[in-house]
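The structure appears below as structure tokens.
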Amino acid sequence: MEHGFAFRRHEHLKEQDAIRKVFRQGKAFVCRGAKLFVLPNALTHNRIVFTFARKFGSAVERNRARRVGREAYRLMRRSLKTGFDLALLVYPGRDFLNERTEQCVTLFSRAALLSPAGRAALPGCAPSSPVVTRPGDGLRGAARRGL
């Protein structure tokens, strides 16, 4: 049964050998605050892992960055080409949903995984979208309400 926008278990890249292979053999794309590694796979779906630069911060900060990254990917994954293993390496910085979404849009566009029509359909990517700049905005309120 398909659950719409749910981030399913088979979309997680978990095997250590597969993750190493993405970092060693995958093509890298860089933007401010993040780096994306892309490697084709023989599957009909993408698999992704979220990882962090050394000395990223406390476990709380890493977990928040992971949640924000997963949410950004979950919202845009239907606009991506399939059949790739992805590794998103995140550097310390501000972890707000709109900023992580913009990073993902930039990286997926550079990797030619995001269609132009898909970009226009993404939440938070319209030219008139407000930008979250205050601490406390972003995912925290939505996560607290269970959205």
Estimated vicinal HN-Hα couplings, Hz - the range 65-82 in sequence order (Karplus 6.51, -1.76, 1.60; Gly, Pro = x) | 4, 5, 4, 5, x, 4, 5, 4, 5, 4, 6, 10, 5, 6, 8, 9, 5, 10
Extending each Cα 7 Å along its Cβ direction at R24 and S58, get the distance between those two points in nm, one decimal.
-> 3.6 nm
Residues whose modelled amide H sits under 5 Å from the amide H of F84, counting only those 5 or more places away in sequence or on another chain, are N41, N46, R47
Amide H of H12: which non-local residues (sequence gap of 5 or more, or other chain) have their own amide H closer than 5 Å, using H built in the peptide plane?
-> I48
How do H45, H10 line up, fewest other C-beta atoms within 10 Å first?
-> H10, H45
Net charge near V22, counting Lys/Arg +1 and Asp/Glu -1 over other residues with Cβ under 13 Å of its Cβ?
-> +4
For the residues C31, C104, what sequence is obtained by ranking on other C-beta atoms within 10 Å, fewest first?
-> C31, C104
For the range 33-124, Rg(Cα) over 2.2 N^0.38 Å is 1.04
Once amide H atoms are built 1.01 Å from N in the peptide plane, which residues 5 or more positions from F56, or in another chain, come under 5 Å H to H?
-> none
Alpha carbon centroid spacing (whole Å) that separates the range 96-117 from the range 1-55 = 14 Å
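Throughout, read-outs are computed from the coordinates displayed, never taken from laboratory work. Note that the structure is predicted; figures quoted are calculated from it, not measured. Positions of Cβ are backbone-derived with ideal geometry, glycine not excepted, and every protein chain shown enters the neighbour counts.
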